[in-house]
Amino acid sequence: TLRTEELSELGARFQRLYESGLLERARNPDEIASNIKALTGPVRGKLLARQRLLAAGEYAMPQLLKAFLDNSNLTLQAEVGRLLVDMGRQAILPLCTALPQLDATQQEQVASILGLIPYKTSLPFLADLAMSTSVDPVRAACLRSIDRLGGTTGDPASLYTELAESYYNQRPEVTSFAGEDHQLLWSFNPGAGLLMTAIRTPVFHEAMAMKLTERSLTLRGENADALALWV
């Protein structure tokens, strides 16, 4: 019996190592680049590439966003767009982080994709852009996506505060890598694109809550709920 237990523990350990190795490989930037390229190849390779990119999740977003915004390859752009929707909530925060600093055509593209991802996490960012943009097609894309997600064209400051509370309460829908030691914080540089910073999971939710409440307070300084949460 003891021998059986030892073998069982050893097998479980090897399985964890194997799964960890697969995940590490899927998140490798060179592997991600290869899989994105394969999205326009033969059907079998395309299906495998999609599986691997979905496994990479948020870690693939810098390269996926770049491919999605590349209007010189419309076939790849369409494939990546479908993949972003299938990624679900792991695509939302990187897309929303980039959204304010993209050009108008790109903002329209990203806003439209966000409306196809059935999570309300993107509502504050869409409402924020709808209120601040002077470009009618961008505003229209934001409003269509807000409507599709079941939101309203409400006060972005309040929406940011509600999302900050979700992070502060560590709700599952705002945690991309449950059970892992690190989560990803995002920034965007127009020259470099999406930039990720790994942050330890125990402090990730508070960091995101503070970032969102700061934006809320920027939009409406007398926002008592946001101020209380930030403090």
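The values are calculated or read from the model by the stated rules, or taken from the named source; none is laboratory data. All values derive from a computational prediction rather than experimental measurement. All Cβ positions, even for glycine, are placed from backbone atoms using ideal geometry, and neighbour counts span all protein chains on display. Note: areas computed on protein heavy atoms with side chains; ligands, DNA, RNA excluded. Shrake-Rupley method; radii C 1.70, N 1.55, O 1.52, S 1.80 Å.
Quick notes
- Relative contact order for the range 39-83, counting Cα pairs under 8 Å that sit 6 or more residues apart, in percent: 38
- 3J(HN,Hα) from dihedral phi, the range 36-41, Karplus parametrisation 6.51/-1.76/1.60, rounded to Hz, x for glycine, proline: 5, 4, 6, 5, 10, x
- The alpha carbon convex hull volume per residue for the range 112-223 rounds to 118 Å³.
- Backbone phi angles across the range 111-118, fed through the Karplus curve with coefficients 6.51, -1.76 and 1.60 (θ = phi - 60°), yield HN-Hα couplings of 4, 5, 5, 4, x, 8, 9, x Hz in residue order; Gly and Pro are listed as x.
- Mean Cβ neighbour count within 10 Å, used as a protection proxy, ranking 63-70, 128-135, 176-183 highest first: 63-70, 128-135, 176-183
- Solvent-accessible surface (1.4 Å probe) assigned to Arg25 amounts to roughly 140 Å².
- 3J(HN,Hα) from dihedral phi, the range 184-198, Karplus parametrisation 6.51/-1.76/1.60, rounded to Hz, x for glycine, proline: 10, 9, 10, 9, 9, 10, x, x, 9, x, 6, 10, 10, 10, 6
- Eligible lysines near Lys120 by straight Cα distance, threshold 23 Å, same-chain separation 8 or greater: Lys211
- Solvent-accessible surface (1.4 angstrom probe) belonging to Arg200, in square angstrom, nearest 10: 130
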